[in-house]
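K.L.:
Sending over a structure as structure tokens; questions will come in a sec.
The values are calculated or read from the model by the stated rules, or taken from the named source; none is laboratory data. Remember, it's a predicted structure, so these values are computed and weren't measured experimentally. Glycine gets a Cβ as well: all are built from the backbone with ideal geometry, and neighbour counts include every protein chain shown. Each accessible area value is taken on the protein alone, full model and side chains, heavy atoms only, with ligands, DNA and RNA left out. Shrake-Rupley method; radii C 1.70, N 1.55, O 1.52, S 1.80 Å.
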Amino acid sequence: MEAHAPPRPNIPDDPTAVWPHLRMVGVRSSLREYLRDLWLWRNFVITVPLNELRAQNQDTVLGQLWHLLNPLFLAMIYYVIFGLILGISRGGVENYSAFLSVGIIIFNYTRTAMRAGAKVIVTNRKLVQAINFPRAALPLSTMIEGLISHAFGLAVMC
């Protein structure tokens, strides 16, 4: 008896001609293609931060209100310590409390966005290795999460 080999599938020489969404492994795409892919992943970039924020404050009493109260309490504490107790001169700033609030809110947003953006690739290492997607979507989603969480403070700041 002769054993027959299974039939070989009909795979063309250039698979990207038949399946245009396939890419060769290890080949970098152009910046234009990368930005297009990032745009195609925009739902991921928006949905992930919204779910993270819901999960983050789900069990707290104040919930999302804490994102507004935290910078306001910090501004009050800094104003009392540096403005009233230590009596540090304001350096020609007329509205010192507004100046202080703007500085604290912008600093907190920058600090959280940079810290989370740097950590997100490492914490999602398995996801990065498992599927092919634009890696910039992860830090971008953390920046959007910080922007959403600081939205109340930014609205008060404006």
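K.L.:
Top to bottom by accessible area (1.4 Å), largest first, where do 39, 66 land?
P.N.:
Ranked list, largest accessible area first: 39, 66.
K.L.:
With all protein chains present, how much of the accessible area of the range 69-158 (probe radius 1.4 Å) comes from carbon and sulfur, to the nearest whole percent?
P.N.:
69
K.L.:
Using the reciprocal of the averaged 1/r over all distinct C-alpha pairs, how large is the Kirkwood radius of the range 31-158 in Å?
P.N.:
One over the average 1/r among Cα pairs gives 16.8 Å for the range 31-158.
K.L.:
Determine ³J(HN,Hα), in whole Hz, for all residues of the range 66-78 in sequence, where each value follows from phi through the Karplus function 6.51 cos²θ - 1.76 cosθ + 1.60 and θ = phi - 60°; x replaces Gly and Pro.
P.N.:
My calculation for the range 66-78 gives 4, 5, 8, 5, 4, x, 5, 5, 4, 5, 5, 5, 5 Hz in order.
K.L.:
Reported to two decimal places, what Rg/Rh ratio describes the range 25-87 when computed on Cα atoms with Rh from the Kirkwood expression?
P.N.:
My calculation of the ratio gives 1.33.
K.L.:
I would also like to ask the following. For residue 149, what charge total do you get from the other residues with a beta carbon under 14 Å from its beta carbon, if Lys and Arg give +1 and Asp and Glu give -1?
P.N.:
+1
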